[in-house]
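A.B. asks: Just dropping this structure here.
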Amino acid sequence: MRRFNLPVVTLVMTLAVVTGIAVAGMLASAVPSQAFSVAGALSRFTTQAVLIVALGAAAGLLAWIVVFVAKRDGWHRMEWLAFLPSNYGGKSPFDISEPTIFR
């Protein structure tokens with residue numbers, strides 16, 4: 001059985017609360033205080049949801065373009081460091097044999 005991991009649970013709960021607040025805010029802005037039609041409110045809600053996803057995709061694309069143009073994705077810093085034998089106690093990271101204990 002896996003142990004309880006507080007940081008993961010905290011992150012999931014935070015994301016759930018933030019998402020719930022965003023959806024509730026979109027619903028509140030889609031339904032005016034006066035008489036409304038369900039179709040009109042649903043249309044406004046859908047428009048806002050699609051706009052949020054489109055703006056997020058545009059921001060992600062812009063960030064990707066900046067990283068691509070700079071030719072710096074961060075991998076150049078990690079590609080050799082991750083497989084240095086000193087990071088694995090002097091043996092290959094792919095060696096699955098039992099570790100030897102020297103006394």
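Every read-out reported here was derived from the displayed coordinates using simple, explicitly stated rules and does not represent laboratory data. Predicted, not measured: the structure shown is a model, and the values here were computed from it. Backbone-built Cβ (ideal geometry, glycine too); neighbour counts: all protein chains shown.
A.B. asks: Are there any pairs, at least 6 apart or on different chains, whose C-beta atoms fall under 6 Å, with the first in the range 9-28 and at negative phi and the second surrounded by 10 or more Cβ atoms within 10 Å (Cβ to Cβ), and if so, which?
C.D. replies: Qualifying pairs under 6 Å: Met26/Phe45; Met26/Gln48.
A.B. asks: Scan the range 1-41 residue by residue and report those that are part of a loop (DSSP other than H, G, I, E, B) and not charged (D, E, K, R). Steps first, answer last, please.
C.D. replies: From the range 1-41, those part of a loop (DSSP other than H, G, I, E, B) are 1-5, 31-37; that's our starting set.
Met1, Phe4, Asn5, Val31, Pro32, Ser33, Gln34, Ala35, Phe36, Ser37 - these are the residues of the range 1-41 that are part of a loop (DSSP other than H, G, I, E, B) and not charged (D, E, K, R).
A.B. asks: Restricting attention to the range 42-59, which residues are surrounded by 12 or more Cβ atoms within 10 Å (Cβ to Cβ) and closer than 19 Å to Thr19 by Cα? Give the derivation first.
C.D. replies: Step one: of the range 42-59, the residues surrounded by 12 or more Cβ atoms within 10 Å (Cβ to Cβ) are 42-49, 52.
The answer is Leu42, Arg44, Phe45, Thr46, Thr47, Gln48, Ala49, Ile52.
A.B. asks: While we're looking at this one, here's another question. Out of the residues in the range 1-38 that are within 20 Å of Val53 (Cβ to Cβ) and polar (S, T, N, Q), which is nearest to the chain's Cα centre (by Cα)?
C.D. replies: Within the range 1-38, the match that is nearest to the chain's Cα centre (by Cα) is Thr19.
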